[in-house]
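To start, the structure itself, in structure tokens.
The values are calculated or read from the model by the stated rules, or taken from the named source; none is laboratory data. It should be emphasised that the depicted structure is a prediction, and the values quoted were computed from it without experimental measurement. Positions of Cβ are generated from backbone atoms using ideal geometry, with glycine treated the same way; all protein chains shown enter the neighbour counts.
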Amino acid sequence: MSTEEEQNPERIDGQLPQLSDVIPDEVFEKIKKKDEGVPIYKMSNNFRLRITNHRKIFFNYTRDISCFSCGHDLHDSYTVSGNRGKTRCVPCAVKYHIIDEVPEEIKEFV
């Protein structure tokens, strides 16, 4: 018996490893949902608002960033960007008077 068969007795000679064996479980579940046609992102990410040249409100669905003020994870949520990389969640932006109020278009998502 070879060392490969000793490590994984269920593996058949010449068979490639399964996708679930190679990638972490949480990533595999997202891929599995995507293959089933279940949308991963349920929020509307079409809304963008430019407040000034340095301040914008947008839906962050790709970058792993956190709120400058409270440290909350901003992945898959609405974000207020500022200059010098100071990115905040919408409630903190209202709290620190960066924006006056939450726009009507995104109130249900915040």
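What the table below lists for this structure:
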item: Out of Gly85, Gly14, sole residue that is surrounded by fewer than 11 Cβ atoms within 10 Å (Cβ to Cβ), modelled with pLDDT of 80 or more and at positive phi; result: Gly85
item: Residue pairs meeting the criteria (Cβ under 7 Å; at least 6 apart or on separate chains; first more than 16 Å from Lys86 (Cα to Cα), in region 47-66; second assigned to a loop (DSSP other than H, G, I, E, B)); result: Leu49/Pro103; Tyr61/Tyr41; Tyr61/Asn45; Tyr61/Asp76
item: Verdict on Ile98 being surrounded by 15 or more Cβ atoms within 10 Å (Cβ to Cβ), modelled with pLDDT under 85, over 17 Å from the mean Cα position of the chain (by Cα) and aliphatic (A, V, I, L, M); result: no
